[in-house]
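Down below is the structure, laid out as structure tokens.
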Amino acid sequence: VTMRETPMASMERVKSLQAKHAQLDSQLDRERNRPEPDVVTVQHLKREKLRIKDEIARMA
């Protein structure tokens, strides 16, 4: 995000990040509910969700 980004563009970026966060949450739920969840995949999804959450928080 640049300092010159318009408020509308910022709102769209936040919406996009929120959608990606929700998508990752769904993927994480599916992976956790598998008979033998892949620990590495779960860790990756959690890290990515946290990265997006942090980016959203910085923009707020």
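Our coupling estimate for segment 8-22, obtained by passing each phi through the Karplus curve with A = 6.51, B = -1.76, C = 1.60 and θ = phi - 60°, is 5, 5, 4, 4, 5, 5, 4, 4, 5, 5, 5, 5, 5, 4, 5 Hz, Gly and Pro reported as x.
Against the main long axis of the alpha-carbon atoms of the chain, helix 39-59 sits at an angle near 20°. Look at the dipole of the chain built from charges on Cβ: of H21, V40, A60, the Cα furthest out on the positive end belongs to A60. In a fully extended conformation the segment linking E55 and Q27 would gain 8.1 nm over its present Cα-Cα distance, using 0.36 nm per residue. Based on DSSP H segments of at least four residues, each scored -39500 (n - 2.57), the chain has a per-residue ellipticity at 222 nm of -27500 deg cm²/dmol. Please list, in order, the residues from segment 33-60 whose amide nitrogen is less than 14 Å from a point placed 7 Å along the Cα→Cβ vector of V14. 53-60, by backbone N distance to the label point.
Here the accessible area is traced with a 1.4 Å probe on the protein chains. For the chain, carbon and sulfur cover 54 percent of it. Its Cα centre serving as origin, segment 18-59 has a Cβ charge dipole (Lys and Arg +1, Asp and Glu -1) of approximately 140 debye.
Read through the labelled values [x] 3.5; [y] 7.2; [z] 4.0 and report the label of the one computed as mean projected area of the Cα convex hull in nm² from the structure. Entry [z].
The values are calculated or read from the model by the stated rules, or taken from the named source; none is laboratory data. For clarity, every value in this text was computed on a predicted model and none was experimentally measured. Note: ideal-geometry Cβ built from the backbone for every residue, glycine included; neighbour counts use all protein chains shown. Just so you know, the surface numbers come from the protein's heavy atoms only, side chains and all, with ligands and any DNA or RNA stripped out. Shrake-Rupley method; radii C 1.70, N 1.55, O 1.52, S 1.80 Å.
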